[in-house]
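In what follows, a structure is listed as structure tokens, so that the remarks can point back to it.
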């Protein structure tokens, strides 16, 4: 029986992909004559004879690129959005690579055949992976035994980890509870705080814990060492989530100072080269996106005008890079004067945090609900990007009023240009209030690369198509 995250399933996936590629190549070679009547397509009346060597090179090349993009690592592709985005990115790289091979070898190959082959192969790979997910979800026997997880530390990092574990249902993880020495936390949350850190051995034994995750703050370094020693002889996996938010300013870099390796906590978030590359990427991609976007923006403007009249655009001051204020552009999705009604819809969550967005906000217009669902209201921000106020990818520009309530560590998100999309958007959108999930932005800053920007852009497309989490 194949299991979802097993080595056997990874090998099976490789085998299926190795079969799909030559199968689609053979299929399009026989379908090519049927495409001849289409405009702009050369007239070919016989099935195309594709060189045998391509039936070997193309599958090996495509699967190798899929492997390099971690497609066969199930735990890196828990969400369908992550898997399909990685598959899309790998398909683009494979297409360019195969086109280069054809250009240098069999240049006479039909371009219509090649494009059709890539599209059909991509769709076939998506289809079989979708079916596999459905089968595993229906029967649930493709998953390993439920992993029982105990979290040591019920602070912000621990609570965020709990939320992440509950979000990834395909992991088949059973969250057991927390341990914490703070009596206030045990009193306020008696349902999931099971005891003190000193009870960890008894809880691990009695609750049959498989994984212990330590999420203590940096000041509890010695306590973390003691916990690790207490669990040394027990058959349990031990994980540590570092509370790096309280120490990292932008990006920590180890450098030599007077011959001594030291941690530079004030290293620039982006080097000059990275900043130049990011700006070039923004200008090129945004300019290309504006070609199909302009007609869509014209239609959206017409619908807003017919539904609720003027103004069509909504402008608002937001905090950009280094906290500098700028005017952001959006399509208006709320009734006129909505800002004056903001206080009427603001609420506080169980921990006293301000929540200013709700799925049933009465101020949102009929057209506005549709625009928000598919993020069409954000399209005017392409002009913010061209003007240099924003980047295509980065932390989302925040409201100045909320920035004033930020804790010091949260202000680290302004170390780079703020973005139209980003790591936070592809991991929750409105379902995760931005000011309560700054750690997503810090993750992006710590791991920035142009390849991460490309990955986020591709995942954003899949997120928008799902229309989930935005309101």
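The values are calculated or read from the model by the stated rules, or taken from the named source; none is laboratory data. Just so it is clear, the model here is predicted, and its values are computed rather than measured. Reconstructed Cβ throughout: ideal geometry from the backbone, glycine too, with neighbour counts over all protein chains shown.
Structure data summary
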| item | result |
| --- | --- |
| Test: residue in the range 50-68 that is over 30 Å from residue 427 (Cα atoms), more than 38 Å from the chain's Cα centre (by Cα) and at pLDDT below 90 | yes |
| Counted residues, the range 48-63 - those being surrounded by 14 or more Cβ atoms within 10 Å (Cβ to Cβ) and farther than 16 Å from residue 115 by Cβ | 5 |
| Which numbered condition residue 255 misses (of (1) at pLDDT 75 or above; (2) surrounded by fewer than 14 Cβ atoms within 10 Å (Cβ to Cβ); (3) in contact with a strand residue (DSSP E or B) (Cβ under 6 Å, 6 or more places away or on another chain)) | (1) |
| Output for the range 441-463, where each listed residue is modelled with pLDDT under 85 and surrounded by fewer than 20 Cβ atoms within 10 Å (Cβ to Cβ) | 443, 446, 447 |
| Residue among 417, 380 that alone is at pLDDT 90 or above and closer than 25 Å to residue 303 by Cβ | 380 |
| Subset tally (residues that are more than 30 Å from residue 277 (Cβ to Cβ) and assigned to a helix (DSSP H, G or I)) for the range 391-407 | 2 |
| Odd one out for residue 212 among (1) under 16 Å from residue 238 (Cα atoms); (2) at pLDDT below 90; (3) in contact with a strand residue (DSSP E or B) (Cβ under 6 Å, 6 or more places away or on another chain) | (2) |
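For (1) under 28 Å from the mean Cα position of the chain (by Cα); (2) surrounded by 12 or more Cβ atoms within 10 Å (Cβ to Cβ); (3) in the same structural domain as residue 397 (by TED's automatic domain parsing), each residue gets a yes or a no:
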residue: 287; (1), (2), (3): yes, yes, yes
residue: 291; (1), (2), (3): yes, no, yes
residue: 297; (1), (2), (3): yes, yes, yes
residue: 306; (1), (2), (3): no, no, yes
residue: 314; (1), (2), (3): yes, yes, yes
residue: 317; (1), (2), (3): yes, yes, yes
residue: 320; (1), (2), (3): yes, yes, yes
